[in-house]
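K.L.:
Shown below is the structure under consideration.
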Number of protein chains: 2
Amino acid sequence: MNGADLLCETLLANGIDTCFANPGTSEMHFVAALDRQPRMRCVLGLFEGVVTGAADGYARMAEKPAVTLLHTGPGLANGLANLHNARRARTPMVNVVGDHATYHLVHDAPLTSDIDSLARPMSHWVGRAVAADTVGVSTEEAIRAAHTGAGGISTLILPADTAWTETEFTPPVAITLPAPSAPDAAQVRQAAALLRNGRATTILVTGMALRAAQMEMLDRIAQKTGARLLAQQANGRMQRGAGRVALDRVPYVIDQALACFAATEQVILIGAKAPVGFFAYPGKPGSMLPEGCTVLELASPDHDLPAAIEALAAEVGMAPAPRLAPRHRPDLPTGKLTPDAIAIALAGVLPEGAIICDESVTSGRDFFRTTYGAAPHDFLQLTGGAIGDGIPMATGAAVACPDRKVIGLQADGSGMYTVQGLWTQARERLDVLTIVFANRRYQILHGELLNVGAGPAGENASRMLDLDNPAIDWVQMAGAMGVEAARAATVEGFRDLLHTALARKGPFLIEAVI
Amino acid sequence: MNGADLLCETLLANGIDTCFANPGTSEMHFVAALDRQPRMRCVLGLFEGVVTGAADGYARMAEKPAVTLLHTGPGLANGLANLHNARRARTPMVNVVGDHATYHLVHDAPLTSDIDSLARPMSHWVGRAVAADTVGVSTEEAIRAAHTGAGGISTLILPADTAWTETEFTPPVAITLPAPSAPDAAQVRQAAALLRNGRATTILVTGMALRAAQMEMLDRIAQKTGARLLAQQANGRMQRGAGRVALDRVPYVIDQALACFAATEQVILIGAKAPVGFFAYPGKPGSMLPEGCTVLELASPDHDLPAAIEALAAEVGMAPAPRLAPRHRPDLPTGKLTPDAIAIALAGVLPEGAIICDESVTSGRDFFRTTYGAAPHDFLQLTGGAIGDGIPMATGAAVACPDRKVIGLQADGSGMYTVQGLWTQARERLDVLTIVFANRRYQILHGELLNVGAGPAGENASRMLDLDNPAIDWVQMAGAMGVEAARAATVEGFRDLLHTALARKGPFLIEAVI
């Protein structure tokens, strides 16, 4: 057994059995170790942004980390944007980044770079294997860090010689994982006091508070206390649909977010952050809360959120039953396809247990309104604003949940960032339907250009904000990577394609021209 | 005038008039500034790896930096791999990375990250604008750093408020750029002494030493002294073909590289680094030079290499005339298409002044042998080993040289990394012919798996090294982004397509199934 085998066995002993990878020469011994260990499922991404984004989507649904395999500094760099998103979602993940052999670094060979500096901004934990004998211990540290609190990004740098050197076999056993912090009784009492003082209160939640059972308790608390319940703007995973509590999110658009909190006097945070502007806008505040608003963090992301909710319920009591969204199919409009019509069409036919991966950016802003009564589903969002997470996230979610339909709501501009993920969907025969909202522009930026007071786009700006001339042909794009696809520009055409796509298993893409 | 205008005017005053961009909200004021200044040519890339790779290719040919516009930490991260390549090529470049407004950073909004930590490993200079009034000075520093020595990567972080705040108009003027260091007379004399001592000597060169005139002088020195002249394994730009000195490069494959230097007793470096293994291999040395080999750095990359060569010539003398490669068209084989047949076909019809961007990886290893006698051309290589530079580099080279045919030799696995660059070629109607070597695998890794002693690929390894099932359809891929394309699997078919492609202007792609 060499260091690479020890790494592989340590991962498996701790339940990590899925490896999203794009290896290079310095990782060949780990690749050989994976070859000797068929229990590890290896999924190739043709670009590292696919690899890390898929690991993010996987862990959000599997509720355990995947391992990624990345090639030196540039390979890690290619995966950083989706590590950023995963970090913001508090997704657990173990990255293995190969590096030159320890004694080769002195030569400053072409691929040498400061991997530690690259890894730190997007990792909760960065470590470096120093010898084959300690690769197991380093891996355990990485796994422990990934399981700390709500979840963490661990990046283990693996010099080639620590992988290829033989080591005494130490049969790895499962380590004890750290438990989330118990709720703080004083904070619970303080939150209860706020909920009883008669002031306008919002309970702002994310993370494990967005599972069906927790939302039911929260809704019963809200009914009992008159508080408003709200989810963060972006959440890693949220359970919603018919039979579940219908929860709104903080709006993205700054004026709407400010209006949303204008009457709020107190905010109680459960895993969530106090709401801030996604960007700064000249003359507008950074915090979305009115001046003087009281903010109480009942539970941080690293607390046991379900326990915190139970403790709060014990303190303030609950209404007898939660308010659950009824099954509702809004009437489908006709004619030209719009984002709203797409949402309505989906609401009507969404399979139970579907996983929606949302990177629809502007096109999906109104998605919630018409889909509260759709069949119950999980809703996964872009959490860090680094576009290019949608296709990979859907890919990883489908690896984690082979029996559930995954539906990607995909903006076209963002979709182009990691379009290579479609190939992995074809390779692994994943049950993913990607709906591309083809507005052929970075629509959000047209709005932001106005929002920041820079005026409408002229010649040079338009050339940077529009994706026309030529328009991207998503049907050919998907076809190039082995994914069946078709185009719709009318509601009727879209409805028919949706019917076709949902009737089969395997990857499919609809280019929705809106 | 605001900070963004001042930035734009400072760039233009210093001859930087091409902006490769993928902006976001925090860069909207710079976008608006570009809108007010039509002299700046803005080229959109649909992924930041395209943006930085194009800036690399542009500067290699234009001999001046382009500016890139990137969106916060994740946008920079996406561009880092090609910054790594540009850094290794010593390409001058000015990156502008937008960040949140200075006062907004405290809120840790979703897109916040440690941009400085991300930038440092791939930059020679990292700076941060602190106020609108000093954006001009910061930009000048960045430009100066980009022009230091052989060239440098400058990364200027631009908080949104430093861009949007009004500033007193200070008409920017061209700054004085630093000159490269003059050759060191003592080193020149020492090199001359080595060349006279009768030992087996290799002169190893890169950078400006690889221009036609400098290679002619070097060849005359080599003839006079009996030294061998050799180029580094990877070079940013090299002039070659009929009528030029036929220069070999250090081989990539470690055993070949070791053999190449086995008889060498002395190495004189002109801008080059002493040759090392691209990777470490168990039981093989890191340096490619035999033990006891003398190494003398006549000139570092930051020295004036043409002046150093002239000084050396003055010291040791030169043969009367350089040995120049004659025009030569090797006979085209028939039947199944091979990398060798592609090289031979190209050698026969290459347009004079063509720019070859080589990211053919394994398929191009033998390209030089049959193309010494092709029409004179420039040859640009992947310099840092971070794959995904080929399509962007060709894109940027074509922006720099609209009157020259650009030919991309593109491995399929690497091509998928930044395939989005094809769209920019279509959008800008660039005269680029991309030849995809479709072997449908990471062929290099099959070899490396054996090289590192890990044995041939089994089931799990094959799933990570092969790009089959499904094979990528490059004709559809190109078509999806508006680039005309066709496929060839025979020499005859390829020859005909090559004829078609070279007869027209504009982007074209040939999928060469090998």
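K.L.:
Using a 1.4 angstrom probe on the protein heavy atoms only, could you order A:THR334, A:THR383 from most to least accessible area?
P.N.:
A:THR334, A:THR383
K.L.:
Using +1 at the Cβ of each Lys and Arg and -1 at the Cβ of each Asp and Glu in the range B:185-316, identify which of B:MET288, B:ALA212, B:GLN233 lies farthest towards the dipole's positive end.
P.N.:
Value: B:ALA212.
K.L.:
If you don't mind, another one. Looking only at other chains, what is the average number of their beta-carbon atoms within 10 angstrom of each beta-carbon in B:77-87?
P.N.:
That works out to 6 on average.
K.L.:
Pull up the DSSP beta bridges for the range A:185-316 and report the antiparallel fraction as a percent, rounded to 5.
P.N.:
Around 10 percent antiparallel, to the nearest 5.
K.L.:
What 222 nm value per residue comes from the helices of chain A, counting each DSSP H run with n ≥ 4 as -39,500 (n - 2.57) and dividing by all residues, nearest 500 deg cm²/dmol?
P.N.:
That comes out to -11000 deg cm²/dmol.
K.L.:
Checking a compactness column here: for the range B:185-316, what do you get for Rg(Cα) / (2.2 N^0.38 Å), N being the number of residues?
P.N.:
Cα Rg divided by the expected 2.2 N^0.38 Å: 1.00.
K.L.:
Could you sort B:262-271, A:247-256 so that the peptide with the highest average Cβ count within 10 Å comes first and the rest follow in order?
P.N.:
Those peptides, ordered most packed to least, come out B:262-271, A:247-256.
K.L.:
Calculate the mean, over all residues of peptide A:30-41, of how many other protein chain Cβ atoms lie within 10 angstrom of the residue's Cβ.
P.N.:
Rounded to a whole number, the mean comes out at 5.
K.L.:
Along the charge dipole of the range A:34-92, pointing to its positive end and built from +1/-1 on Cβ of Lys, Arg, Asp and Glu, which listed residue (A:LEU83, A:THR72, A:TYR58) has its Cα farthest out?
P.N.:
It is A:TYR58, whose Cα lies furthest towards the positive end.
K.L.:
Mind pulling up the Rg/Rh value for the protein assembly as shown? Radius of gyration and Kirkwood radius, both on Cα.
P.N.:
0.98
K.L.:
What's the lysine pair count for the protein assembly as shown at a Cα cut-off below 23 Å, pairs eight or more apart or interchain? Numbers along the way, then the final one.
P.N.:
Details: A:LYS64/A:LYS405; A:LYS273/A:LYS284; A:LYS405/A:LYS505; B:LYS64/B:LYS405; B:LYS273/B:LYS284; B:LYS405/B:LYS505.
Step by step, the pairs that qualify in the protein assembly as shown add up to 6.
K.L.:
Only Lys, Arg, Asp and Glu count, each charged at its Cβ (+1, +1, -1, -1), so figure out the dipole size of the range B:423-478 about its Cα centre, rounded to 20 debye. Before the final figure, lay out each step's value.
P.N.:
Numbers: 5 positive and 7 negative charges, 18 e Å.
It comes to approximately 80 debye.
K.L.:
Find every distance from the label point of B:GLU291 to the corresponding label point in the other copies (7 Å from Cα along Cα→Cβ) and write them in nm, one decimal, shortest first.
P.N.:
Taking the point 7 Å beyond Cα along Cα→Cβ, the inter-copy spacings are 7.8 nm.
K.L.:
Have a look at B:THR362, B:PRO392, B:TYR417 and report the one farthest towards the positive end of the charge dipole of the range B:339-513, computed about the Cα centre with Cβ charges (Lys/Arg +1, Asp/Glu -1).
P.N.:
Of the options given, the answer is B:PRO392.
K.L.:
Give me the dipole magnitude in Debye, nearest 20, for the protein assembly as shown about the Cα centre, with unit charges on the beta carbon: positive for Lys and Arg, negative for Asp and Glu.
P.N.:
1140 debye
K.L.:
Also, I was wondering about something else. Kirkwood-based Rg over Rh for chain B (C-alpha set), two decimals?
P.N.:
With Rg and the Kirkwood Rh in hand, the quotient comes to 0.98.
K.L.:
Provide the packing ranking of B:86-97, B:192-203, B:224-235, i.e. peptides ordered by the mean count of other C-beta atoms within 10 Å per residue, highest first. Walk me through the intermediate numbers first.
P.N.:
Numbers: B:86-97: 27.7, B:192-203: 18.0, B:224-235: 20.4.
By packing density, highest mean first, the sequence is B:86-97, B:224-235, B:192-203.
K.L.:
Using the 7 Å Cα-to-Cβ label point, sort the distances from A:PRO178 to its equivalents in the other copies shortest first and give them in nm to one decimal.
P.N.:
Spelled out, the distances from A:PRO178's label point are 4.4 nm.
K.L.:
Could you tell me the relative contact order of the range A:185-316? Use alpha-carbon pairs under 8 Å, at least six residues apart, and round to a whole percent.
P.N.:
33 percent
K.L.:
Distances longer than 19 Å among the Cα atoms of the range A:225-302: what percent of all pairs is that?
P.N.:
39 percent
K.L.:
Across peptide B:376-386, how many C-beta atoms of other chains are within 10 Å of each residue C-beta, on average? Before the final figure, lay out each step's value.
P.N.:
Working: counts 0, 0, 0, 0, 0, 0, 1, 1, 7, 9, 11.
Average neighbour count from other chains, rounded to a whole number: 3.
K.L.:
A further question on this structure: State the percent of C-alpha pairs, over all pairs in the range B:1-41, separated by a distance greater than 14 angstrom.
P.N.:
On the way: 330 of 820 pairs.
Counting every Cα pair in the range B:1-41, those more than 14 Å apart make up 40 percent.
K.L.:
Please report the antiparallel percentage of the DSSP beta bridges confined to the range B:339-513, to the nearest 5.
P.N.:
Here the share of antiparallel DSSP bridges comes out near 5 percent.
K.L.:
Moving to a separate point now. Å³ per residue of the Cα convex hull, for the range A:162-218?
P.N.:
So the per-residue hull volume is 186 Å³.
K.L.:
To continue, here is another question. Put the label 7 Å from Cα along Cα→Cβ for A:PRO326; what are its distances to the other copies, in nanometres, shortest first?
P.N.:
Values, ascending and in nm: 9.2.
K.L.:
What share of Cα pairs, in percent, lie more than 19 angstrom apart in the range B:61-179?
P.N.:
Numbers: 3204 of 7021 pairs.
The calculated P(r) of the range B:61-179 puts 46 percent of pairs beyond 19 Å.
K.L.:
Based on the Cα gyration tensor of the range B:178-252, what are the three equivalent ellipsoid semi-axes, each the root of five times an eigenvalue, rounded to whole Å and given largest first?
P.N.:
Values: eigenvalues 83, 59, 29 Å².
Calculated on Cα positions only, the semi-axes equal 20, 17, 12 Å.
K.L.:
Right, next: Using +1 on the beta carbon of Lys and Arg, -1 on that of Asp and Glu, and nothing else charged, what's the dipole of the range A:1-154 about the Cα centre, debye to 20?
P.N.:
Computed charge dipole of the range A:1-154: roughly 540 debye.
The values are calculated or read from the model by the stated rules, or taken from the named source; none is laboratory data. What you see is a predicted model, and the numbers here were worked out from it, not measured in a lab. Every residue, glycine as well, gets a Cβ built from its backbone with ideal geometry; the counts of neighbours run over all protein chains shown. For the accessible areas, the whole protein counts, side chains as well, though only heavy atoms, and no ligand, DNA or RNA atoms are used. Shrake-Rupley method; radii C 1.70, N 1.55, O 1.52, S 1.80 Å.
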